[in-house]
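The values are calculated or read from the model by the stated rules, or taken from the named source; none is laboratory data. Since this is a predicted model, take the numbers as computed values, not measurements. FYI the Cβ positions are ideal-geometry reconstructions off the backbone, even for glycines, and counts take in every protein chain you see.
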Amino acid sequence: MSARRIFARPARFAAIAPYLWMALFFLVPFGFVLKISLSQTAIAQPPYEPVFDLTAGWAAIKAAFGALSIDNFKLLVSDDLYVFAYVRSLTVAITATAILLVIGYPIAYGMARLPTRWQAVAMVLVIVPFWTSFLIRIYAWINILQHDGLLNKILLALHLVSQPVVWLSTDSAMYLGIVYSYLPFMILPLYATLAKMEPALEEAAADLGAPPGAVFWLVTFPLSLPGVGAGVLLCFIPIVGEFVIPDLLAGSNSLMIGQTLWLEFFTNKDWPVASAAAIILLVVLLAPLLLYERVQRRQLEER
Amino acid sequence: MRKLARLSRFNVASLALGLAFLYLPILILVIYSFNASRLVTVWGGWSLRWYREFFNDGAMIEAAWMSLRVAVASASIATVLGTLAAVALSRGEGFRGRTLFSGMLYAPLVMPEVITGLSLLLLFVALNAERGFWTVTIAHTTLTMCFVAVVVQSRLGSLDRSLEEAAMDLGCNPVRAFLLVTLPLIAPAIVAGWMLAFTLSLDDLVIASFTTGPGSATLPIRIYSEVRLGVKPEINAICTLVIGLIAIVIVIASLASKLSSSQGESAAPL
């Protein structure tokens, strides 16, 4: 038996503890979300009718199955508020991801063309904001965008506007916040594929007479597609369920699904409806999630 | 023969603008935290007034202390579990349930936090667990161990496996070979993983809001409820302190990885 296979055996045992942990704290909880999404709202603590009580025997289980209801789901698909929230979440996520790609690509491209020494520095500079608190970075923008904030002061001083512009509580502010927060997530996978690319390929295309635009669209961009895919998924999926950024920067007249879920849970104390909203969100995101899982696995395991 | 310029003016401009975009807002926040004026936007000279205010704010201090305890505890547990998971995934070859295992580890990296938070809360309620320090710690461990696993796994993937194999050919058993050869080599990634877990936990608002109980708010929860009421200079000071703490953590992490690895290939956070 090869040394590699002998090493593999104890390595497998290392999986036991994290496996059990993730099963208990990541997988099993979804069962509870599903269960509570099917139960009735009750004014109690916890605020839902228990659906299953395994201690009460078979008859009780049968009765419980009879009491299961899809009312919460019916409510979610018939109430415009929720339908709009899902549509808005998807629209915002698609728009924001497109903006991120357009802004992130040139930055990643610039990084990949730096001398190797500087590439490491640029990489650290892009990662550092990712380590810095998400909430604080959004808050920093409130400082700038508020009515008498820095941005309006500068615009007024330059006589570009005659009176303060309303920036906060607008969709523009929200998009700005999303792009700002997720930019490192877009840049890093793009940079990873662009840096690995053989520069000779671009040079060859140029030597053969391709103008710079053609070099980019026929050589560089197609070769960077794996990075584009990873970056897009890494941004799109969490943005769909985003709560903090729209809550602090966007207006309150149209909500994203993360906000309605939060409202149902914390303000209305309607746990069953919040759970049903989470289940639908999960179903919407299932395909991109599985895709992301495959990308991530390929990237980490097939070297 | 025409060669493409390695670094065009467009490249430099987009890099500079991109980095300015990432850093300017934070810089402005830090500067305003030293503003003496009560009005956030009026510059009243340099002052440490808002830092004093923070250190006299009992509720804020209590929340900061809670956040620090949760971050240290959850980062430590997450580092152990995440490292084990990384070793199993990159050295365990095939084992039963491997696909499910990697799926459970990669999904939380992108899963919207409202879903993770809500599902964990429902579990804690079903288990009748008292909500507070431990429930938040468990929730943060679940999230951050996935990040640790990815960081350590990418380091393990770039290691030369013949080193382990040589140790075993020379008579080490697998466990000894791991402890004496592999572990020292992946130590920088493990340190970086702990730091990343620590900062993620310190930062989290959504999952903590779901899983904490009455009377045990974390710092982001307190900051969030203040921010909703508008900008306050004291919050600028707190945020600057958090940024300073995280900066120290990053410096330590990068020093650790520089000290023990000259072969480059620093572990990316994702």
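Which residue out of A:Ala14, A:Ala8 is in contact with a Leu (Cβ under 9 Å, 6 or more places away or on another chain), surrounded by 16 or more Cβ atoms within 10 Å (Cβ to Cβ), at pLDDT 75 or above and of a type in the set (A, V, I, L, M, F, W, C)?
Values: A:Ala8 fails: in contact with a Leu (Cβ under 9 Å, 6 or more places away or on another chain).
It is A:Ala14.
Which of the residues that make up region B:196-229 are surrounded by 21 or more Cβ atoms within 10 Å (Cβ to Cβ) and of a type in the set (S, T, N, Q)?
Within region B:196-229, B:Thr199, B:Ser201, B:Ser209, B:Thr211, B:Thr212, B:Thr218 qualify.
Select from region A:258-297 the residues that are of a type in the set (Val, Ile, Thr) and free of Cβ contacts under 8 Å to residues at least 24 places away in the same chain and list them in ascending order. Give the steps one after another, and end with the answer.
In the first step, residues of region A:258-297 are kept if they are of a type in the set (Val, Ile, Thr); the result is A:260, A:267, A:273, A:279-280, A:283-284, A:295.
The answer is A:Thr267, A:Val283.
Scanning for something under 25 Å from A:Val295 (Cβ atoms), more than 7 Å from chain A (Cβ to nearest Cβ), of a type in the set (A, V, I, L, M) and surrounded by 24 or more Cβ atoms within 10 Å (Cβ to Cβ), does region B:151-160 turn up at least one residue? Quick ask: steps written out before the conclusion?
Step one: of region B:151-160, the residues under 25 Å from A:Val295 (Cβ atoms) are B:151-159.
Next cut, more than 7 Å from chain A (Cβ to nearest Cβ) only: B:151-152, B:155-156, B:158-159.
So of that shortlist, the ones also of a type in the set (A, V, I, L, M) come out as B:151-152, B:156, B:159.
From what is left, the residues that are surrounded by 24 or more Cβ atoms within 10 Å (Cβ to Cβ) are B:151-152.
The answer is yes, given that some residue of region B:151-160 is under 25 Å from A:Val295 (Cβ atoms), more than 7 Å from chain A (Cβ to nearest Cβ), of a type in the set (A, V, I, L, M) and surrounded by 24 or more Cβ atoms within 10 Å (Cβ to Cβ).
Anything in region A:124-152 that is of a type outside the set (A, V, I, L, M, F, W, C) and assigned to a helix (DSSP H, G or I)? List them, or say none.
From region A:124-152, those of a type outside the set (A, V, I, L, M, F, W, C) are A:129, A:132-133, A:137, A:139, A:143, A:146-149, A:152; that's our starting set.
Hits for region A:124-152 are A:Pro129, A:Arg137, A:Tyr139, A:Asn143, A:Asn152.
Residue by residue through region A:140-177, note down the ones that are in contact (Cβ under 8 Å) with a residue 60 or more places away in the chain and within 13 Å of chain B (Cβ to nearest Cβ). Show your work before the answer.
Narrowing region A:140-177 to residues in contact (Cβ under 8 Å) with a residue 60 or more places away in the chain: A:141-142, A:145, A:168-171, A:173-177.
Matches in region A:140-177: A:Trp141, A:Ile142, A:Leu145, A:Leu168, A:Ser169, A:Ala173, A:Leu176, A:Gly177.
Which helices (runs of 4 or more DSSP H) does region A:180-242 wholly contain that include 3 or more residues that are crowded, with 19+ Cβ neighbours inside 10 Å?
Details: elements: A:199-207, A:212-215, A:225-240.
Result: A:225-240.
Out of all the residues in region A:250-261, which are at pLDDT 90 or above and either closer than 16 Å to A:Leu38 by Cα or crowded, with 24+ Cβ neighbours inside 10 Å (or both)?
A:Met256, A:Ile257, A:Gly258, A:Thr260, A:Leu261 - these are the residues of region A:250-261 that are at pLDDT 90 or above and either closer than 16 Å to A:Leu38 by Cα or crowded, with 24+ Cβ neighbours inside 10 Å (or both).
When region A:212-257 is examined, which residues are found to be more than 25 Å from A:Ala108 (Cβ to Cβ), free of Cβ contacts under 8 Å to residues at least 60 places away in the same chain and within 12 Å of chain B (Cβ to nearest Cβ)?
Residues satisfying the conditions are A:Phe243, A:Asp247.
Condition first: over 18 Å from A:Glu242 (Cβ atoms) and not in a helix (DSSP H, G or I). Now tell me which residues in region B:191-221 satisfy that.
Correct list: B:Thr212, B:Gly213, B:Pro214, B:Gly215, B:Ser216, B:Ala217, B:Thr218.
Here's the yes/no breakdown for (1) of a type in the set (Gly, Ala, Ser); (2) under 25 Å from the mean Cα position of the chain (by Cα):
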position	(1), (2)
B:Ala20	yes, yes
B:Ile31	no, yes
B:Leu39	no, no
B:Glu53	no, no
B:Arg69	no, yes
B:Ala73	yes, yes
B:Gly92	yes, no
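Can you name the residue in region B:78-96 that is more than 7 Å from chain A (Cβ to nearest Cβ) and surrounded by fewer than 21 Cβ atoms within 10 Å (Cβ to Cβ) and is also modelled with the highest pLDDT among such residues?
B:Val80
Here is a check on your reading of the model: is A:Trp271 touching a strand residue (DSSP E or B) at 6+ places or on another chain (Cβ under 9 Å) and either more than 24 Å from A:Ile70 (Cβ to Cβ) or not hydroxyl-bearing (Ser, Thr, Tyr) (or both)? Steps first, please.
Working: touching a strand residue (DSSP E or B) at 6+ places or on another chain (Cβ under 9 Å): yes; either more than 24 Å from A:Ile70 (Cβ to Cβ) or not hydroxyl-bearing (Ser, Thr, Tyr) (or both): yes.
Judged against the criteria, A:Trp271 is a match.
Considering region B:15-69 alone, what residues qualify as being within 14 Å of chain A (Cβ to nearest Cβ), part of a loop (DSSP other than H, G, I, E, B), in contact (Cβ under 8 Å) with a residue 12 or more places away in the chain and of a type in the set (A, V, I, L, M, F, W, C)?
Hits for region B:15-69 are B:Phe34, B:Val40.
Filter region A:265-285 down to the residues that are more than 10 Å from chain B (Cβ to nearest Cβ) and either buried (at least 18 other Cβ atoms within 10 Å of the Cβ) or within 17 Å of the chain's Cα centre (by Cα) (or both) and list them by number.
Applying the first criterion (more than 10 Å from chain B (Cβ to nearest Cβ)) to region A:265-285 yields A:267-270, A:272-273, A:276, A:280, A:283-284.
Correct list: A:Asp270, A:Pro272, A:Val273, A:Ala276, A:Ile280, A:Val283, A:Val284.
If we keep just the residues of region B:116-144 that are facing another protein chain (nearest Cβ under 7 Å) and surrounded by fewer than 24 Cβ atoms within 10 Å (Cβ to Cβ), which is nearest to B:Leu200 (Cα to Cα)?
So the residue we want is B:Ile138.
Among the helices (runs of 4 or more DSSP H) lying completely within region A:55-123, list those that include at least 2 residues that are modelled with pLDDT of 90 or more and in contact with a Leu (Cβ under 6 Å, 6 or more places away or on another chain). Give the derivation first.
Working: elements: A:58-67, A:71-78, A:80-112.
Because the criterion is at least 2 residues that are modelled with pLDDT of 90 or more and in contact with a Leu (Cβ under 6 Å, 6 or more places away or on another chain), the helices (runs of 4 or more DSSP H) in region A:55-123 that meet it are A:80-112.
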